[in-house]
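Accompanying notes for the structure given below.
Laboratory data are not the source of any read-out in this text; all were calculated from the coordinates shown. Here the structure is a predicted model, which is why all the values come from computation and not from measurement. Here the Cβ positions follow ideal geometry from the backbone for every residue, glycine too, while neighbour counts run over all protein chains shown.
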Amino acid sequence: MNMNLNKTTSKGHEQMLISQEQQAKINEVRRLIGPLSDKESVYCSDGSISRYLSSKNWNVKKATQTLKLKWREEYKSEQISWVCYCFPSLFL
């Protein structure tokens, strides 16, 4: 399935123009993921979900599995910084 994401600029912000078929797939991923907390919803914008779908050739099941919100919650990926890598002894 070849789905191109066209972009337009409005007030300095890039906006994606997506087809109804693409929006339906984004909505399906949202349905499969279920309700999200405010923290989780940051990672599930239409743009983010469309990038996951695009990377999986618009396969809803594969994109949903790849999103892995549970991994983010368990490993607190948003708290990882360059300091963790440069000075790991500080975190042992």
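If you take all other residues with their beta carbon under 13 Å from the beta carbon of Ile26, and give Lys and Arg +1 and Asp and Glu -1, the sum is +2.
Among the chymotrypsin sites (Phe, Trp or Tyr not before Pro) within segment 25-65, not one is in coil by DSSP while having at most 14 neighbouring Cβ atoms inside 10 Å.
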